[in-house]
Each structure stands twice: as C-alpha cells, then as structure tokens.
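Visitor: Dropping the structure in here first, questions after.
Nothing in this text is a laboratory measurement; each read-out follows from the coordinates by a stated rule. Keep in mind it's a predicted model, so treat the numbers as computed, not measured. Ideal geometry is used to build each Cβ from the backbone, glycine not excepted, and the neighbour counts take in all protein chains shown.
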Amino acid sequence: MTTKQPDWEAIERAYRAGSLSLRGIADKYDTNEGTIRSRAKKHGWLRDLTDQVRAATSGKLSRKASRTDITHPDVREDAQIVEEASTEAASIVIAHRADLSQWRAIANKLRNALQDIEVNEDNLGDFSRSLNAGVDAQLKVIKGERQAYNLDTEGGPTDADEFTKLLDELEKEG
C-alpha cells in the first residue's frame, strides 16, 4: 500500500503566503504540521509574503490592482504565490460581504416588525427583549460590514462605537 505524497510545491506556496496557520496548511494538504515545519526549516522557507498578500487582496477588493511585467524568476514566483493567496482571501471576503447583506435584510425585517407593534403592559417585556436582540443584531452586522469593507481606521473610534455609546445612553434614560 502506497500513501499519496503531499503536494510540497503547493504547501510551500501556502506556507510562504502566510495566509493559513501551519495547522490550516496541514489540514488542507493532509499532512502533519511538524513535517511542514521541518521541511520549511530544511529548505529555508520564509513566511515572508503576508504583507504582499494583504496588499494584493486589498487591491482586488478595491478593483485597483495593477499589473507589472517582472522577469526575475524569484519575483515572478513570489508574485504567483501572492496572486493565488490574495485571490483566495478576496473570495472569502466577498462571500462574507454577501452573507452580511443577508443578515442586514434579516435585521431590517425585525426592525420593521418592531415598528409596527403596539406596545402595552402585556407585551412590554417581549418587546424589550426583541428590541435588544434587534439592536444587537444590527450592531453586529454594522461591525461585520465595517470589517469586510475595511472602513474602520486604526486606533480611532468608529461610527459603530459611537452608535453603541448612543444606544447605551438611551437605554440608561429609558
């Protein structure tokens, strides 16, 4: 019985791209992470393309990617690794954006339903719980969208943070 050899070229590209953890690479290519670590050390693989993959992913997501004619073999190989990894990362972000759009529609349905409810003593508790759930859902959708569309600035408060503070203040008043 022969066992199938791992695709070491693909494993090296994934390792160098830095998009997946060692465990993620091992799972994807059905091998052991210790074996990957040993082979990387033996062959001098470096996880040195992570920043380039992120930049290329951002470029694809903003549709402003430019192409260059590069003839050096190592640079071409790096460019191919970056291209593959950024394509995979961009497809994940695009799928997240589509999912978030569906969650936004669901949260909006709850918001619309709550607008139409006549609140009275009998349903006040249920209404309050539904309202809290709706606000929580909306905040999570906003946060997810801001991450998926790279709208937050580093270190500064976001509109979602300000919205959360406003809701907290309103809750205290009510």
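Visitor: Once fully extended, how much extra length lies between residue 38 and residue 91, figured as 0.36 nm per residue of separation less the alpha-carbon to alpha-carbon distance?
Guide: Between residue 38 and residue 91, full extension yields 16.0 nm more.
Visitor: May I ask you to order 96-102, 120-126 by the average number of other C-beta atoms within 10 Å around their residues, highest value first?
Guide: So the peptides 96-102, 120-126, ranked by packing, come out 96-102, 120-126.
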